[in-house]
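Undergrad: Could you have a look at this structure, given as structure tokens, before my questions?
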Amino acid sequence: MAIKKEKLIDMYRTMVRIRIFEERVSKEFAAGKIGGVAHLYIGEEATATGACAALRPDDYITSTHRGHGHVIAKGGKTDLMMAELYGKKTGYCHGKGGSMHIADMDIGMLGANGIVGGGISIATGAALSAQIRGTDQVSVCFFGDGASNRGTFHEGVNLAAIWNLPVVYVIENNVYAETTSITDTCKLPNVADRASAYGIPDVTIDGNDVMAVYEAVGEAIARARRGEGPTMVECKTYRWHGHYEGDTQPYKAKEEVEQWMKKDPIPTFRKQLVERGVLTEQDADKIDQEINEEIEKAVKFAEESPFPAPEETLEDVFA
Ligand SMILES: Cc1ncc(C[n+]2csc(CCOP(=O)(O)OP(=O)(O)O)c2C)c(N)n1
Ligand SMILES: [Mg+2]
């Protein structure tokens with residue numbers, strides 16, 4: 001697939017933005033600045049970045065409880081997201097939703113979700129809506145290996161298959177669902193092998209290879225846009241941090257962690273871009289620096305923003 005230099009640089013920038021945002025969240029969470037729970041996307045940056053790079057601005061995505069990377073990859077604002085994590089009035093949900101409720105309709109980001117597998121129904125519904133309205137929008141649904149064991153997976157994928165809906169199911173197989181390894185809940189070598197039971201195509205790829213994700217999800221999106229229905233793309237990846245910040249991960253083997261750390265998607269892509277002459281090391285350093293400054297500003301914005309007033313408690317709350 002031909003891809004412009006600017007796009008490649010943008011993909012690098014997005015992965016760095018996710019990494020630095022998440023590292024900062026980890027730090028501020030530990031310092032007690034962020035309440036609730038934080039599920040971080042560190043290590044999985046290439047999956048959201050490659051998939052969203054293949055989407056149009058008017059396409060949809062749905063996310064999970066581990067949603068910061070998806071928001072950033074679809075073009076969300078790091079200052080509004082940081083303020084939301086801080087519980088501030090200037091945040092995406094006016095400080096009342098936190099990490100697991102961030103949505104941005106202006107960029108087609110239909111929501112993070114505290115309900116595992118909840119996004120599968122929403123992405124399928126968004127694809128149905130596009131089909132009924134006769135647009136050629138596509139919906140990309142991100143979910144975990146664990147979510148593929150939920151009923152919504154069967155319901156959503158089966159419906160999309162039967163009705164030929166324009167949706168791409170992106171399984172982020174990061175090996176674990178909380179403390180449970182996927183090998184304890186799925187007999188198949190690949191979770192996406194389940195797609196054949198629904199009569200839809202599937203592909204399993206290295207989710208830490210941003211170009212492989214871009215190409216595989218890009219082909220699935222093109223298929224969906226042509227009216228040829230859903231595809232399942234499994235991205236094999238790994239989360240570096242605990243399931244939540246504070247999880248000490250006694251269930252992971254040291255060798256397994258070390259092996260995956262060697263497959264860090266960001267330096268791998270950076271090296272490829274330098275070797276291909278897309279970027280110099282200095283250009284890449286400059287991008288890293290710019291993103292550091294952006295995230296610093298996002299933290300300052302969050303710190304300096306007010307909390308919502310007590311009398312606003314019931315505003316923005318729908319039933
Ligand atoms: C319906 C539902 N069941 C259980 C939970 C508790 N829970 C939160 S995250 C999680 C594991 C999800 O694993 P996976 O889908 O692989 O996503 P990952 O955390 O690995 O990104 C579980 C069981 C929940 N939030 N919602
Ligand atoms: Mg998982």
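Undergrad: Within region 288-319, can you find the residues that are at pLDDT 95 or above, open to solvent by 80 Å² or more (accessible area, probe 1.4 Å) and not in a helix (DSSP H, G or I)?
TA: Listed by number, the list holds a single entry, PHE307.
Undergrad: Hey, another quick one. Considering only residues of region 132-166 that are of a type in the set (Ser, Thr, Tyr) and away from ligand 2 (no atom under 15 Å from the Cβ), which is farthest from the chain's Cα centre (by Cα)? Show your work before the answer.
TA: Kept after step one, since they are of a type in the set (Ser, Thr, Tyr), are these residues of region 132-166: 135, 139, 148, 152.
Retained after the next criterion (residues that are away from ligand 2 (no atom under 15 Å from the Cβ)): 135, 139, 152.
On the way: THR135: 24, SER139: 13, THR152: 19 Å.
Among those that are of a type in the set (Ser, Thr, Tyr) and away from ligand 2 (no atom under 15 Å from the Cβ), it is THR135.
Undergrad: If you go through region 266-287, how many residues are surrounded by 12 or more Cβ atoms within 10 Å (Cβ to Cβ) and either within 16 Å of ligand 1 (Cβ to nearest atom) or among the polar types (S, T, N, Q) (or both)?
TA: Of the residues in region 266-287, 2 are surrounded by 12 or more Cβ atoms within 10 Å (Cβ to Cβ) and either within 16 Å of ligand 1 (Cβ to nearest atom) or among the polar types (S, T, N, Q) (or both).
Undergrad: Which condition breaks for PHE143 when tested against (1) under 25 Å from GLY242 (Cβ atoms); (2) assigned to a helix (DSSP H, G or I); (3) of a type outside the set (Asp, Glu)?
TA: With respect to (1) under 25 Å from GLY242 (Cβ atoms); (2) assigned to a helix (DSSP H, G or I); (3) of a type outside the set (Asp, Glu), PHE143 is out only on (2).
Undergrad: For region 115-137, does any single residue satisfy the condition of being under 22 Å from ALA298 (Cα atoms) and modelled with pLDDT of 95 or more?
TA: For region 115-137, residues under 22 Å from ALA298 (Cα atoms) and modelled with pLDDT of 95 or more: absent.
Undergrad: Which is on the phi > 0 side of the Ramachandran plot, surrounded by fewer than 19 Cβ atoms within 10 Å (Cβ to Cβ) and small (Gly, Ala, Ser), of GLY43, GLY75, GLY35?
TA: Numbers: GLY43 fails: surrounded by fewer than 19 Cβ atoms within 10 Å (Cβ to Cβ); GLY35 fails: on the phi > 0 side of the Ramachandran plot.
When all the criteria are applied, what remains is GLY75.
Undergrad: Could you look through region 167-196, keep only residues that are under 22 Å from the mean Cα position of the chain (by Cα) and more than 13 Å from ligand 1 (Cβ to nearest atom), and pick out the one that is farthest from PRO250 (Cα to Cα)? It would help to see each step written out before you state the result.
TA: In the first step, residues of region 167-196 are kept if they are under 22 Å from the mean Cα position of the chain (by Cα); the result is 167-182, 190-195.
Narrowing the set further to residues that are more than 13 Å from ligand 1 (Cβ to nearest atom) leaves 167-168, 190, 192-195.
Numbers: VAL167: 37, VAL168: 34, ASN190: 25, ALA192: 28, ASP193: 29, ARG194: 30, ALA195: 32 Å.
Result: VAL167.
The values are calculated or read from the model by the stated rules, or taken from the named source; none is laboratory data. Only a predicted model underlies this, so the values are computations on that prediction, with no experimental measurement involved. Cβ coordinates were reconstructed from backbone atoms using ideal geometry, including for glycine residues, and neighbour counts include every protein chain displayed. SASA here: full protein model, heavy atoms, side chains in, ligands and nucleic acids out. Shrake-Rupley method; radii C 1.70, N 1.55, O 1.52, S 1.80 Å.
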